Every structure is written in C-alpha cells, then in structure tokens.
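First the structure, in the form of structure tokens, and then the observations on it.
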Amino acid sequence: MEIESTFHMYVQPVVHPQLTPFCTELTGIIQAMVDGQPSLQQVLERVDEWMAKEGLLDPNVKSIFVTCGDWDLKVMSFLCAFWMLGEVLYPGGCPACCWTQPSRLPGQCQYLGLPVADYFKQWINLKKAYSFAMGCWPKNGLLDMNKGLSLQHIGRPHSGIDDCKNIANIMKTLAYRGFIFKQTSKPF
C-alpha cells in the first residue's frame, strides 16, 4: 500500500502554446515549465515505456487507472488525463480555456491523430468508490474526501502530482477500512 513508482512529465502545448493566467493560477504551472517539453505523442510513448518497465502491461498483471471523477479520462480532453499518473498535461491550454478542443481523451487524440491505448479506456472513479464506502458524495472532490477520512491534504489542489498523492492516500485509507475497489467506468 505504498507508492512504488511515479511518472511525471509536462507536454509542450501545440494548439494553444501560451498558457493563460487562469491556468497558471489554478495549477501553478508556468510557461517555462512547458516550453521545450516533449510533444503529446512523445509523452504517450514514454507513458507506455514506463508502464512496461513497471510490469503494468503484462497480461497477467491486473492494473487500472484511478481518477478523481470521470472527468479525467472520459469527459475532459487529454490535457487532464494523466492526473492519476502525476501528470498535468496541457496540449490545448488548460481545463478552463480549451472548450473549443475535442472533449474526452479519445477526442483529443483523434484531433492530434494519435491512437488511444486500451489502458486509458477503463478506470476507477475515486469519487464513486468513496461514496460507496462512506455513504456520501464528495462535492469538493479530494478536499472533501480527505476531510471525511481525517487526512491532511498534500500539496496544492489541481497540481497533478499532488492530486495523485492525495488519491493514493485516500485509496490506502479506504482499503485499510476494508473497501474493495472495482472498475467504475463503462467502455466508450
């Protein structure tokens, strides 16, 4: 029940190369952090390499992504898809400034002509798991879940790597209380 490996990388924005002030305020990511970073395609290749190195692509190993809501892999575009990996990717700006881009991971990848790996097509929505375990919906996401479990929030809200640490702590706490996690996503 401990973090064994972390993947964290930024992506060079392509469609909207300049981050907005809102994006920087929300996430703490500044322009210099994304300038000169690898393309989305390169980062996807590195994710695949990391997952292979960690044994997560072995068909005998069960693994699944965990997100704080369906937003990360289904509803929002790819720029949010790696929060559960410790990522905050901004190929199209940021969550509040890319509404003109295709929504959902598949739409963003299609827009850029990239395939969507099968492992991005199933996940556990931590909000749903928490509501099953605790009997109430966490309206404010990670902040409410941490509070409901008497956990200290780690880092900055909306920082991908910090969100991942909070997700891991919440999962660990729920597992120690006997909760059994199951896939919550439906295929898209």
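The amide H of Trp123, built 1.01 Å from its N in the peptide plane, has Thr184, Ser185 as neighbours under 5 Å, considering only residues 5 or more places off or on other chains.
Along region 142-149 the Karplus relation, 6.51 cos²θ - 1.76 cosθ + 1.60 evaluated at θ = phi - 60°, assigns HN-Hα couplings of 4, 4, 5, 5, 4, 4, x, 9 Hz to successive residues, with x for each Gly and Pro. Amide H contacts under 5 Å for Gly69: Leu126, Lys127, Lys128, restricted to partners 5 or more places along the chain or on a different chain, H placed in the peptide plane at 1.01 Å from N.
Separation of region 44-61 and region 122-143, taken as the distance between their Cα centroids, equals 27 angstrom.
Each residue of region 2-19 is assigned a 3J(HN,Hα), and the resulting list reads 10, 5, 9, 7, 9, 10, 9, 7, 9, 10, 5, x, 10, 5, 10, x, 9, 5 Hz, derived from the Karplus form 6.51 cos²θ - 1.76 cosθ + 1.60 (θ = phi - 60°), x at Gly and Pro.
Bear in mind these aren't lab numbers, they're just calculated from the coordinates by the rules spelled out. In this text the structure is predicted, and so the values were computed from the model without any measurement.
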